[in-house]
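Participant: This is the structure, below, for whatever I ask next.
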Amino acid sequence: MILDRLLGNYLRRVSRRQLSFQAVDTESGLPRAAPDRSYLLYLHVPFCVVLCPFCSFHRVRFKRDRAEQYFVALRREIELAAESGFRFSEAYFGGGTPTVLPDKLAEVVRYLRNQQGVTRISAETNPDDLANGAASLADVGINRLSVGVQSFDDELLKQMERLEKYGSG
C-alpha cells in the first residue's frame, strides 16, 4: 500500500509537467503530408470522471480546467497538422471519455467539419453521457458512437466498479 502511494505520487508529479499545455514556440515537427491523400484522424481525450480499474488506455481523472486547456491544445494540434498539408476525411475521438465536456468537443468537431470538410465523425462515450447529450452530439455532426457498456452482466460490472456509476448494462 505504501509503495502504491509513493509510486502514485511520483507519477502524478511527472505527468503534471507533461499536462501543462503551455504554448511552445517551435515548428510542429510533423512530416509533410502526401498531397494526394486524405487521412483518418484519431484524437485522444484522456479525461475520465471515474478511472475504471480494467482500462489500459492512457487516462487521467477529469478536472474541468485541465480538460478545457486540453481541448484548446487539441485544436491547435489539428491546425499544425493542416499547416503540414494533412487533410482529414474522417475523425475518431477516443479516450478516456471524449464526451466529458460536450461543448468543448462540439467546438473541435465544428472546426473539423468547417475547416477540413470531415463528414464521418466517431466518438467513444459512456452510457450516462447519452442520457443527457446524444441529440446534441448528433446535431454537431458526430454520426457514430462507441458506447462503453463493457458488460451486460451486473456482477462483472460491480467487479469493474461500473455498476454504481453507470447502472446495469
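What follows is calculated from the coordinates using simple rules that are stated; it is not laboratory data. Values in this document were obtained by computation on a predicted structure and should not be read as measured data. Positions of Cβ are generated from backbone atoms using ideal geometry, with glycine treated the same way; all protein chains shown enter the neighbour counts.
Participant: How much length is gained if the chain between ASP153 and GLN69 is pulled fully straight, taking 0.36 nm per residue apart and subtracting their Cα-Cα distance, in nm to one decimal?
Facilitator: 26.5 nm
Participant: What FRET efficiency comes out for ASP139 versus LEU6 if R0 is 45 angstrom and r is the Cβ-Cβ distance? Round to the nearest 0.05.
Facilitator: Using R0 = 45 Å, I get an efficiency of 0.45.
Participant: Okay, moving on. In Å and whole numbers, how far do the C-alpha atoms of the range 36-166 stretch along each principal axis, longest first?
Facilitator: Principal extents (largest minus smallest coordinate, Cα): 50, 26, 25 Å.
Participant: Now for a separate question. Amide H of LEU145 versus every other amide H placed in the peptide plane: which residues, excluding those fewer than 5 positions away on the same chain, fall under 5 Å?
Facilitator: HN-HN under 5 Å from LEU145: ALA123.
Participant: Another question, then. Just the number: Rg to Rh for the range 70-134, Cα atoms, Kirkwood Rh, two decimals.
Facilitator: Ratio value, two decimals: 0.98.
Participant: If we count every other residue with Cβ under 12 angstrom of THR99's Cβ, Lys/Arg +1 and Asp/Glu -1, where does the sum land?
Facilitator: That works out to -3.
Participant: Compute the distance in nm between two label points, each set 7 Å from the Cα along the Cα-to-Cβ direction, one at ARG37 and one at SER146.
Facilitator: 2.1
Participant: Less than 14 Å Cβ to Cβ from LEU6, Lys/Arg counted +1 and Asp/Glu -1: what total charge do the surrounding residues give?
Facilitator: Taking every other residue near LEU6 into account, the sum is +2.
Participant: Now for a different question. Which length gain, in nm to one decimal place, applies between ARG16 and ARG120 when the Cα-Cα distance is subtracted from 0.36 nm times their residue separation?
Facilitator: Between ARG16 and ARG120, full extension yields 34.1 nm more.
Participant: Ranked by Cβ crowding within 10 angstrom, fewest neighbours first, how are ASP4, ASP103 ordered?
Facilitator: ASP4, ASP103
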